[in-house]
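Have a look at the structure below, then the notes.
The values are calculated or read from the model by the stated rules, or taken from the named source; none is laboratory data. Source: prediction; values computed, not measured. A quick note on method: Cβ atoms are made from the backbone with ideal geometry, for glycine too, and the neighbour counts reach across all protein chains shown.
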Amino acid sequence: MTNMNRGIVTALSAIGLAQGLKILTHKKITGNWDIKQAFTTGGMPSSHSAGVAALASYVAANKGTRHTETALAVVFGTIVMYDAQGIRRHTGEIAQLVNDLEDNIATLSGNFPSFEYVQREEELKELLGHQPVEVAAGAIFGTLFGIICAKLED
C-alpha cells in the first residue's frame, strides 16, 4: 500500500464500512437482514459523511489543522454533508409526493372509464438523501476512522 494514496484509501474504506453498517442498522430497525442495504443511497449511517469526514480527519491528523489541504477537505466535506441531508433528502421527499400522486390518479382513473391513464412501470426512487442524524452518525464514524487510520501509520 506504499504506492497508494492513504487518504484516498482511508476515505473509500470509510465509505465501504459505512455502507456495510447499513445492513446492521436496517436489521436493528426492521428485524430483517437485507444485504441490498449495502448498495443503497440514504440510510444510517451516511457513507457520504463517513468518507469526507474520514478524509478530513486523516489529513488534519497528518498535516495539521492549519494546512490548506485540511481546509479543502473540511470545506468540501461540509458541502457534501449539507447536500446529503438537504437537497438530496428534499428530492427524495418530492419523489415520494409524486409517487403518492400517481397512486391517487391511478385509483381515480378506475372510477372514470373515459379517463386514459397509463401508469409508469417504476416508481421514482424515494430514499435519496439522509436525515440529519444519519449525516451526524456518518461524520462521527468517519472522523474516528480517519484519526485511527492516521495513528496506525505512526
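Being assigned to a loop (DSSP other than H, G, I, E, B) and either free of Cβ contacts under 8 Å to residues at least 12 places away in the same chain or surrounded by fewer than 24 Cβ atoms within 10 Å (Cβ to Cβ) (or both) is the filter here; which residues of region 45-84 pass it?
G64, T65, R66, H67
Of a type in the set (K, R), surrounded by fewer than 18 Cβ atoms within 10 Å (Cβ to Cβ), more than 20 Å from I148 (Cβ to Cβ) and at pLDDT 90 or above: is that true of R6 in this structure? Taking the combined requirement at face value, the residue does not satisfy it. Scanning region 11-38 for residues being of a type in the set (S, T, N, Q), free of Cβ contacts under 8 Å to residues at least 60 places away in the same chain and either in contact with a Phe, Trp or Tyr (Cβ under 8 Å, 6 or more places away or on another chain) or in a helix (DSSP H, G or I) (or both) gives a total of 4. Note on region 20-38: among residues that are modelled with pLDDT under 85 and under 12 Å from the mean Cα position of the chain (by Cα), the one that is surrounded by the fewest Cβ atoms within 10 Å (Cβ to Cβ) is A38. Restricting to region 137-152, name every residue that is over 19 Å from G20 (Cβ atoms) and touching a residue at least 24 places away in the same chain (Cβ under 8 Å). Of everything in region 137-152, those that are over 19 Å from G20 (Cβ atoms) and touching a residue at least 24 places away in the same chain (Cβ under 8 Å) turn out to be I147, A150, K151.
Here T65, T41 are screened, and the one residue that is at pLDDT 80 or above and assigned by TED's automatic domain parsing to the domain that holds I15 is T65.
Residue-wise test of (1) under 16 Å from F145 (Cβ atoms); (2) among the hydrophobic types (A, V, I, L, M, F, W, C).
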position	(1), (2)
A11	yes, yes
A18	yes, yes
P45	yes, no
A50	yes, yes
N62	yes, no
V75	no, yes
I94	no, yes
L101	no, yes
